[in-house]
1. First select every other residue whose beta carbon is under 11 angstrom from the beta carbon of Pro171; then total the charges, Lys and Arg +1, Asp and Glu -1.
2. Taking Cα centroids, how far is the stretch 159-176 from the stretch 7-51 in Å?
3. Counting only heavy atoms of protein chains, what accessible area per residue, in Å², does the chain have with a probe of 1.4 Å?
4. Enumerate the calculated ³J(HN,Hα) couplings along the stretch 69-86 in order (Karplus 6.51 cos²θ - 1.76 cosθ + 1.60, θ = phi - 60°), each rounded to whole Hz, writing x wherever the residue is Gly or Pro.
5. Here are a few candidate values for P(r) over Cα pairs in 10 Å bins from 0, in percent: (i) 8, 35, 40, 16, 1; (ii) 8, 31, 36, 20, 5, 0; (iii) 8, 31, 31, 18, 8, 2, 0, 0. Which one was actually calculated from the structure I just gave you?
6. Quick one: Karplus J couplings for the stretch 130-145, per residue in order, coefficients 6.51, -1.76, 1.60, θ = phi - 60°, nearest Hz, x for Gly and Pro?
7. Given the peptides 23-30, 150-157, 111-118, arrange them by the average over their residues of other C-beta atoms within 10 Å, most packed first.
8. Which value in nm describes the separation of the simple spin-label points at Lys2 and Ser28, placed 7 Å from the Cα toward the beta carbon?
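The values are calculated or read from the model by the stated rules, or taken from the named source; none is laboratory data. All of these numbers come straight from a predicted model, not from anything done at the bench. With ideal geometry, Cβ positions are generated from the backbone for all residues, glycine too; neighbour counts draw on all protein chains shown. Quick note on the areas: whole protein, heavy atoms, side chains included, nothing else; ligands and nucleic acids left out. Shrake-Rupley method; radii C 1.70, N 1.55, O 1.52, S 1.80 Å.
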Amino acid sequence: MKVPILYEDNHLLFVEKPVNMPVQEDRSGDKDLLTFLKEDLKIRHQKPGNVYLGLVHRLDRPVGGVMVFAKTSKAASRLSDSIRRGTMEKHYLAVVRGKPPKPNDRLEDYLVKDRRNNEVSVADPGRDKARKAVLEYETEGTAKNASLVSIQLHTGRPHQIRVQFASRGCPLYGDQKYGSSVNKPGQQIALWSQTLAVEHPTKKEEVKVHSNPPEEHPWNLW
């Protein structure tokens, strides 16, 4: 397996997460990204003992694209703080079924997670454990009853992008959980982490890293 390294220094490691690879160990027992990268760092940098690598954010298993890991505890602390403050810039690309209600919009919902079934749904603001979810999107093009949308994510709730678009009648292409009525089993979900921008933990300058989705259907419709 190959995991492309997009940027690396003494504090940060940006990689392109492969689709269908879990970010961390799960019940499947499949090789996970965090373990893979620790093993890779140990070999490449000839490090003795355990290798530190901080996991500060996640992508759903079927989603690919840019992720950042912290190579030091200082970096992990500062990246985690930037996520809490909402200053980590996160942009995604997605292919949705049909057309969004508006060509561009800001979506605000309250989401609640059913942990037993690993499902998220839109809820009333006053519901217990409901958390606010915010994103902005622009429609980049339409083709064959599908739309390419670029998304700026302001909050990082579980399944947020998938649920917010599905709740408006345009589930993501290939999403079996929230779009089973229009997607076929086996289709790959079309959601990609395209850009991450963070403040470097020691240099205090912006580090912005990009990754484009693969040249295959449905991405190659545009």
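1. Cβ neighbours under 11 Å give a net charge of +3.
2. 29 Å
3. 54 Å²
4. Per residue, the Karplus-derived 3J(HN,Hα) values read 10, 9, 8, 9, 5, 4, 5, 4, 5, 6, 5, 4, 5, 5, 5, 4, 7, x Hz.
5. So the structure-derived entry is (ii).
6. Each residue of the stretch 130-145 in turn: 6, 10, 5, 10, 9, 8, 10, 9, 9, 7, 8, x, 10, 6, 6, 6 Hz.
7. For the peptides 23-30, 150-157, 111-118, the packing ranking is 150-157, 111-118, 23-30.
8. About 2.1 nm separates the two model spin labels.
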